[in-house]
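Every read-out reported here was derived from the displayed coordinates using simple, explicitly stated rules and does not represent laboratory data. This structure is a prediction, so every number in the text was calculated from the model and none was measured. So basically every Cβ, Gly included, is an ideal-geometry build from the backbone, and we count neighbours across all protein chains shown.
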Amino acid sequence: MISKIRKYQDSWLTKAILALTALSFMSLFGISGYVNRAGKNRAVIKVDDMEILQDEMNIKLQNSIRKAQNMFGGNVEITEDIRKNILAGLVKQNAQDMIIKRQAQKSGADISDKLIEKIISSQPEFMDASGHFSPALLHRQLAYFDMTENEYISDLKQNVLSRHLVYSPSEKIIFPSFMNKYVVKIANQQKIFQYIRINPADMKIDRDITEEEIEQYYQDFAPQFEAPETRDIAFIELKIAQLADSIDISDEEIKAYYNDNIQDYVIPEKRRILQMVFDDKASAESALAELKKGSDFYRVASDKAHQDKETTFLGEVTEDALLPEIAEKVFDADVNQNIGPLQTEFGWHILRITGIIAKVETPLAKVKSKITSDIRNEQAYDQAQNVINSIEDEIGKGADLNSIARQYNAKIQTIQGLKEDGSFNSSSSGLAKNIIADSDFVETVFSYNENEISQPIESENGFVFAETKKIHDAHIKKLSDVRNDIIKIWTENEKSAIAQEIVNDVLAEMEGGDSLSDIATRFKLSVKTTAPVKRNETFAGLNSAQSDEAYHTALGNYKSLNSSGITTIVVPTKVINPEIGNNTQKMKEANLGMNKELEQNLAEELINSYAKDMDVRIKYKLLGLED
């Protein structure tokens, strides 16, 4: 199931993006929140009872793309292929994480909080200049990446589980060092190839299709010319914004909303804070005594706590960003007042306030208009449900779409020739494209008979009621309508047949021992010669798998490879072996590379073995990864 996405991860740029994002500090972090769109947010990855929803995956993708663009300075264009490659990497990683998590549940594996605390305190990213764990650096890093401590701990546990259940067992296999020189030689070996390409598009046809052949083709392949069922649709869209405009909001409601959401209209007080942290109370009290004598805070932090200036200055901090044990005392203190020693799980703290940025509160008068709009929008959804219920009652009593449209002042739109794939012949306005873009609309209208009005269909701006006016059944198109199509198909088939005949003849003569150059001359084909090629490089328009297959062909032998109908016949003509001598560095690199490759392959096989006992489902079509 998971191996299906490997085909997308072939470009150097995608590999670079995936590697960089995986190795960055952010790779420890997950995304816990996502926007939920009722009725559209379906699961795209499922492992037993665990699932990842479509919107959550979209947010992960956008985050990775944004990260990629930042890493490349915004100078890289994220094409559709690159986007798919990044998405495939994310799908694979998330599916594997879920499999590992499920296996941990099944085997009773659990990661203790004490172990996580030990790991966090030993991370180089969170150590000051003297090599001591710095809570200030931890919280600064988390704040920089807009992550909570719980989110970080959750993802760290996932990494530990992966190490315990997958990567530690995989590391037990060690590539023997005596093989290093052979690996170096193989990795740096080059080959030169000759090749010819036989492309059906280049073939010449010496006759035209006859009328009898056109007629016969039409009769033999009639199902190929079937016109699918189409429908003529009329619909109305009732927009939430229109319902909102009709709602009156009282001053009391506005004031209550303002008070209930006061945090949105207040920028809380911030304080510029200096901090030093000690393992024991005595050291903290000693530092405090130095401060009371008038010593500089930064100098004491350096001498006593072994902290540099960057670690000591916490920045401009709100009260809720501080640990609970120190927050209240810090925000009760005056400027330049020394605070502490205060104990937390990270040690004994000495703090000083160097400045206060006052709270800024936006008065109700300035946000009244926006609050009114927000309340209307909230109430509009409740009112929309009442409208839907009312319309459904009217439909049940026999009301048609015209009467409903008049009652709610909605314009009737039409779509002619709508197909199940979402394409259509024409529409009365550009609005149809937006409505049809949602697959729920097409699926719904194709489930009703003529003159039936659908259930409400959610749209981007509100909801839609649609009526099937006319059903045009599937039928075989007239010969006159498909004549040009038949000629085009016949031409392509003829060219393919001619090309295949040439391929067969060339291969027969190759089998007979003739050289590629002599054969090419007889068939008026061009022979091309490659530059020296390493085994992991592509050439001659072949993909990586085909290039690898050609590379493993013995000298003088041939390999016939087909891609998109084009046949490439390749002959290795020369092997260039490198002079490696006793290069110790290259040997070490070769051994490291082979060990990493073995570890990765074994890790994937171990994950796949876990997955065999689980219900793993990936919705490739919903993700946009289906061919």
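Per-structure values
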quantity: Estimated FRET transfer efficiency (K534, N557; beta-carbon r; R0 22 Å; 0.05); calculated: 0.70
quantity: Dimensionless Rg ratio for segment 463-515, taking C-alpha atoms and the 2.2 N^0.38 Å reference; calculated: 2.36
quantity: Other-chain or far-sequence residues with amide H under 5 Å of E537's (modelled H); calculated: none
quantity: Listed pairs K92/K612; K114/K309; K185/K612; K46/K106; K204/K559 exceeding 27 Å between Cα atoms; calculated: K114/K309; K185/K612
quantity: All-pairs alpha carbon distance profile, segment 239-320, 10 Å steps from 0, percent; calculated: 15, 26, 18, 11, 12, 11, 8
quantity: Residue (of A327, G315, A287) at the positive-pole extreme of segment 269-358, dipole from beta-carbon charges; calculated: A287
quantity: Candidate lysines - alpha carbon under 23 Å from K478, same-chain residues fewer than 8 apart omitted; calculated: K419, K470, K488
quantity: Volume in Å³ per residue [convex hull over Cα atoms, computed for segment 214-281]; calculated: 434 Å³
quantity: Potential lengthening between S403 and Q62 on full extension [0.36 nm per residue; Cα-Cα distance subtracted]; calculated: 118.4 nm
quantity: Rounded FRET efficiency, nearest 0.05, which uses the C-beta distance separating D55 from D334 and R0 of 41 Å; calculated: 0.30
quantity: Cross-link partners of K255 among lysines (Cα-Cα below 30 Å; sequence separation of 8 or more within a chain); calculated: K239, K270, K359, K366, K368, K370
quantity: Reachable lysines, given that their alpha-carbon falls under 22 Å from the alpha-carbon of K304 and they are not under 8 places away in the same chain; calculated: K281, K292, K293
quantity: Global size of segment 262-416 as Cα Rg and Dmax, reported in angstrom; calculated: 29.7, 90
quantity: Residue-count net charge about K370 - beta-carbon cut-off 11 Å; Lys, Arg +1, Asp, Glu -1; calculated: +1
quantity: Sorted largest first, extent of segment 269-358 alpha carbons per principal axis (Å); calculated: 32, 26, 22
quantity: J(HN,Hα) series, segment 251-258, from Karplus relation 6.51 cos²θ - 1.76 cosθ + 1.60, nearest Hz, glycine and proline x; calculated: 4, 5, 5, 5, 5, 5, 4, 4
quantity: Potential lengthening between K281 and Y167 on full extension [0.36 nm per residue; Cα-Cα distance subtracted]; calculated: 36.9 nm
